[in-house]
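Q: Let me begin by handing over the structure; questions about it come next.
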Amino acid sequence: MKKYILALIVLVHSYSQAQNITQLEYFFNTDPGFGNATQASITPAANIANMNINADVTALPQGIHQLYIRSKDANGNWSVTNRSFFYKTGNTTSISSGYHPTGIFL
């Protein structure tokens, strides 16, 4: 019984270690597939909760759009794809978005 408890403790400890986020990508409206979206420049870190990215919206027509953001950790695991709606006016060229693993804020 002691071996099983020790194995469980080691397993839980290994999963509780924070992994560095190594990649961040975003896309608008249609998902091009994991790893195929626009890459945002980041410094790998365990916590990117206060990171801001500037997304170029020049090619988008005026109207309502969806911004999607997701990240990948050092083990190659992708986060949940987070979505936020925004309205592009005729003269908007970029939007600034904050990223948090639990959601996006504009």
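Every read-out reported here was derived from the displayed coordinates using simple, explicitly stated rules and does not represent laboratory data. No experiment lies behind these values; they were computed from the predicted model shown. We place every Cβ from the backbone using ideal geometry, glycine too, and count neighbours over all the protein chains shown.
Q: So what J values fall out for the stretch 63-75 if you push phi through Karplus, 6.51 cos²θ - 1.76 cosθ + 1.60 with θ = phi - 60°, rounded to Hz, Gly and Pro as x?
A: Once θ is set to phi - 60°, the couplings for the stretch 63-75 become x, 7, 9, 10, 9, 10, 9, 8, 10, 10, 8, 5, 8 Hz.
Q: Now for a separate question. Once you put a point 7 Å from the Cα of H65 and another 7 Å from the Cα of A45, both along the Cβ direction, what distance in nm separates them?
A: 2.6
Q: When you take every Cα atom in the stretch 20-105, what is the radius of gyration, and what is Dmax, the widest Cα pair distance, in Å?
A: For the stretch 20-105, the Cα radius of gyration and maximum Cα-Cα distance read 12.7, 41 Å.
Q: Let me ask another. Quick one: which residues, 5 or more positions from N20 or on another chain, have an amide H under 5 Å from its amide H? H modelled 1.01 Å from N in the peptide plane, none for Pro or chain starts.
A: Result for N20 returns A74.
Q: Moving on. Taking the beta-carbon count within 10 Å as an exposure proxy, list I48, I21 from fewest neighbours to most.
A: Values: I48 18, I21 22.
Result, fewest neighbours first: I48, I21.
Q: Now for a different question. Cβ under 14 Å from H65's Cβ, H65 left aside: what net charge do those residues give with Lys, Arg +1 and Asp, Glu -1? Don't jump to the answer; show the numbers that get you there.
A: On the way: positive: R83, K88; negative: D31, D56.
The answer is 0.
Q: To continue, here is another question. So, counting K/R as plus one and D/E as minus one, what does the shell of residues with Cβ under 13 Å around Y26 add up to? Could the numbers behind the result be given before it?
A: Details: positive: R70, K72, R83; negative: E25, D31, D56.
Spelling it out: positives minus negatives among the neighbours equals 0.
Q: Under 13 Å from the Cβ of N82, count the other residues' Cβ atoms, weight Lys and Arg +1, Asp and Glu -1, and hand me the total.
A: Surrounding charge for N82 is 0.
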